[in-house]
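Taken together, the values in this text are just the output of simple stated rules run on the coordinates, not laboratory data. Computed from a predicted model, the values in this text were never measured in an experiment. For neighbour counting, all protein chains shown are included, and Cβ atoms are generated from backbone atoms with ideal geometry for every residue, glycine included.
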């Protein structure tokens, strides 16, 4: 239950398993490639640093003003994975018939991956091999490989530090970005008596990334170690016999975070010891799981999948202001390593519940790129405010197709929403006044730039909502609803901080107000826009309309056999798709989930029934939201069907592209289906809500909620069990009814 | 009045004058570069064949289904222009202080360009030089250069046929298309005793283009001629003295039109004689001007400009089914030599009035690429019908930005409109049944594919109208109005031809009906769509709305100094532009001009006043239409102001890009302002209409109308004088009043 396990080696799946067995810690991610190499088959032999970026040209078939001409791209860094093995001079490879008792684990408690098999030499002798990997969660710059060989004969290992790396490219698949693969050049390469090292530099952004590998050998027999330099690699050869353990302790650093990354990497290796690292890893994870674990009773597959997801989130979420969580985490090269709204809408809601301290870093990243967003707003012709890039690493807009990129202005509200939620969960007013409110106010300004009052209502034209099967529409419901929320909070926070009784807060905010040249009149105008925000509604259908014109279009001819290919985007011209009522992903339904208070329940339920019929879920960000709202709608089996649709997406490679990396938003979204769907968890202005249901073949599930310095445990079976483990008494609403939580007395009540 | 004249040589203007002094005949176009070369300055030394195309890759920053991955590009063909000159071994160049009495003419009567100057050698001797060029209008494959030198000393000429050509590229200006410049490779190159020749092949489409140059020398003194071959060129050296005339008669052919183009080119030169050619050129032009001339009294500048325009139309309009008229004619490389809707909406209306026989070829070209349009319809996901490419040479879609390209479905109706108009002008029912109706019906089908009935009205979603400052809108007025017209005619022609009493017509149409698998039910459905077409109207403003949502957007903040840069497209992001009420060019107003009967006069006039305020005329296709409708509105001075805005566009390089070629739609549109604007010419279901006004500083103007085998002359001064020169009596409406035209008696009436 605490492991991802694979007991067979299947060459055709190796490139997929490289993603699944990725080992990372939010700073560095190493795909699960084999140290000794493969006899054949595809591989993407990548190691990535969160936040590191190069820039490559972006070419448009027809140029227009303000289209980006360069884009960020996450480079592959030096390869530390390779360690070739010879037993009595015979190379060890996983050739059919030459090995047995193969297994690989990703261990969520130990925080390591382990791989082992027995290799049979041509002479019939057996060698026992075991490979262990660990990305330290305590010091994210450290990464350990351990290769253990037991063999009654000569053992030779050749560990390679390869600096001549290129990114993956597949000209046939536009999603992987053909061309521009050579992103790093070698600046320094060499070795000391015990360490090999390489410092690379990105080709266009001149960022440095240093890797130092310290080799440690343990053996009872005599051992010989030698180093050899090649043009782009250092080879470290270890020769011994019988029983040999090679540990490679790597330090990864970069010039975003260190003035002298090479020096810093050497420094780190000088002050860490390995045994201590592994113990601290276990301690770290004990604490992680104590707070963040989600238990499922009665369904082992789902339990395993959800633990896998929570572990992968831990491995990929950035841990400082230089990084975030990219669409594929640190597990692959899909989407160029860019960060999207996935962070704020799919990942942060989970982290807020069980790891709020991680959210702060993700928000600090957004604050760090605020200037880039201000710059982008100017480029877009706005007079003030900040317009966050739809996809980026460094902050610049990297979207090549603006109708489904830059036009998604809603990312501004998505980011503001996350800042507001973080404040409400943590009540961290210092972070709010020092960092958050500047982002909230600057992003709010854009709504006043792109929206306008007409006949007493506030309209927002020419934007694209979350659903990318329509583009450049007027009054997108999701966008308008999120902007309504955003503008209201911008006004309220301005008033609240300006009227603070704490002189430090008041002074700090006053300085910001002056810096932003903002006054009460401006935020009153924002409040008016919020109050008068037009939310398109169709009287005939009794539902909120995705946009002003959406419901006037014909419905996609689902029954026509010429229109049944999936996903639509790979088989139909955008205009054919745009012309119809058809959704790639939740749009109005997502808004109903996030901002339930803007619509009446009956309209939400009718909307769910309506939009569900015309949604293809061609985006991996869709099923999870429909699952949440199916539960809200009271349809337990449908909610579980959506959960089921998402939960095995990567583990079973259901979209056929897990090789390019794990689908992080789907991972987080699936957990959200559990927490916000099955458990009905909501955070509203009046506090926390639960509305638990129990999927048919589960007997129970439990999880923790961390909220304003409290720890609340929730267990749902036939009954609902709530316990306040840490913190002051509070009220929580279950099925809309107030329940008092105190430490003295657990709550045990019947499930509806 | 019959010449474009330039009496000064200005190096900074030479590249512009290359466009203005272009010599062509609808098949071949040779830019007005200097035979002897320039001492310095920019040049685009191009010769082009109408309809010839290569294909180059088109790269998208983000790929989507159905986006074109290659595009057509008009290649530059072999350069025949060069003839270097030495007087007593001193090279002749237009270096300041070394020449006098320079002039250049483009003569509209002789059909030639002439250039002359006196060159002074270092020794103080004078050489008289004269350069003549003629593109034969009688045999469009022939082109003549004549170089005449009078000098009291040794004269040496070196005529070069250069096959190593590349297209123009300016990486800084996206409109000229950087990269992909080497489009032609040399297949054959050589010379005979009197001819040099080169056959080129396009790099990707493998089309051949042959050029043969026959050299003829006239002199009283002895002359020596020699040939030299270089890698990519043939040099023909002529040495003589005193008085030397070199004639280079070129034959241009290509493998689109000839099985063996090289052979065909040699053939042509063997059977033509030069003196005859020049005489026939004059005869041809006498007849052309007799029918097509437009005279303006009282304003020499306008007279000159309009003659220039009529001559340039003649030089660039294709004369066979392989060619059309590209955005820049045959005068440059802008827009890659692509054909747009410019042909049908701007050029054909003029040609219908005075050269209807030319229209047939342009329509035959559209019929020839009908299969490509059918193919494109399938690619776009339509089940039947034909969708013409927004821009193309060979028929394939070459638009790199589909929201302002492929989304302009209106091109289908524009093309059908031209076919219908041609039929109505000529009553050529054989062309209709043999060619036209297939295009009309197949293109009409697309409206049924992309439109839908809702609540009793027919809607067309997700299209872009002529105005490219909005994109992908619903119920664009122009598109819907044109589709309404198109669908009505598709129905009516289907009924008319099916019920024809002529058995040949009936049989031919029945075969087509079977081929298209079309029945009465389908066209009844089309008629219903036409009758129930939704034409968006705003009750409050009392005007037709550009699209369903257009009038709900805020008006462009014209008064805000941050929004005053022009043209908008070079200074603001598309989303900023799309979000506002602001027009690049006439849209609803164009529909009102073309389909006056779909709107009441009061709404049209209010619409004119409204849209005029928010139109930037950033497109060169705009002012002419506003000029026409200003006249219709009764505003003579405003109409003339628009005319004035267009009439000097190329002659004064007002858009700064005449170097890339002449703006053919503006040229034709300006003439349209005169005919449809000042003269108020309309062709409606009830026949011809005039509504003449006289611009303030003109004393009169006159032109001919050719209509159903008639020739009608019109002269407008303080009075209106109409004469039926050829053909049967008919009725014409002047200011809405019926006037009978007979040959016996001219009409002379008062102007309103």
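Remarks
- Panel note: the C-alpha atoms of chain B, placed on their principal axes, show extents of 86, 66, 59 Å (largest first).
- Whole-angstrom Cα spans of region A:349-500 along principal axes, big to small: 37, 37, 28
- Distant alpha-carbon pairs in region A:363-411 (separation over 13 angstrom), percent: 52 percent
- Take A:88-100, A:575-587 and order them by the average number of nearby Cβ atoms within 10 Å per residue, most first; the result is A:575-587, A:88-100.
- Over region A:684-752, the fraction of Cα-Cα pairs per 10 Å bin, rounded to whole percents and listed from the shortest bin up, is 20, 56, 21, 2.
- Dimensions (Å) - the protein assembly as shown, Cα atoms, principal axes, largest first: 115, 74, 71
- Of every Cα-Cα pair in region A:1-100, the percent that sits beyond 15 Å: 72 percent
- Exposure proxy for A:31, A:280: other Cβ atoms within 10 Å of each Cβ, ordered fewest to most, give A:280, A:31.
- Peptides A:510-523, A:257-270, A:325-338, ordered by how many other C-beta atoms sit within 10 Å of their residues on average, highest first, read A:325-338, A:257-270, A:510-523.
- In degrees, nearest ten, helix B:437-450 long axis to first principal axis of chain B (Cα): 60 degrees
- Of every Cα-Cα pair in region A:553-640, the percent that sits beyond 21 Å: 33 percent
- C-alpha long axis of helix A:300-316 to longest principal axis of chain A, angle in °: 90 degrees
- Ratio Rg/Rh [Cα only; Rh per Kirkwood] for region B:453-598: 1.13
- 7 Å along Cα→Cβ, label-point gaps from residue A:597 to other copies, nm, shortest first: 5.9
- Taking the helices alone, chain A has a mean residue ellipticity at 222 nm of -9000 deg cm²/dmol, built from -39,500 (n - 2.57) per DSSP H run of at least 4 residues and averaged over all its residues.
- Highest mean first, the peptides B:596-604, B:70-78 sorted by other C-beta atoms within 10 Å per residue fall in the order B:70-78, B:596-604.
- Shielding by partners, peptide A:550-560 (average Cβ within 10 angstrom, other chains): 3
- The mean number of Cβ atoms from other chains found within 10 Å of a Cβ in peptide B:573-585 is 6, as a whole number.
- Size descriptor, Kirkwood hydrodynamic radius, that averages inverse alpha-carbon separations across region A:3-265, Å: 19.5 Å
- Inter-copy label distances at residue A:634 (7 Å, Cα→Cβ; nm, one decimal): 6.6
- Taking the longest Cα principal axis of chain B as reference, the axis of helix B:623-633 is set at about 40 degrees.
- Considered as an equivalent ellipsoid built on the Cα gyration tensor, region B:113-217 has semi-axes of 32, 21, 15 Å, the largest given first.
- Once you divide the Cα radius of gyration of region A:16-167 by 2.2 N^0.38 Å, the number left is 1.29.
- Debye log10 I(q)/I(0) at q = 0.13, 0.20 Å⁻¹ for region A:597-752, Cα point scatterers: -0.66, -1.25
- Cβ-vector label at 7 Å, residue A:752, separations to other copies in nm: 7.3
- Across peptide A:53-65, the mean count of Cβ atoms from other chains lying within 10 Å of each residue's own Cβ comes to 6.
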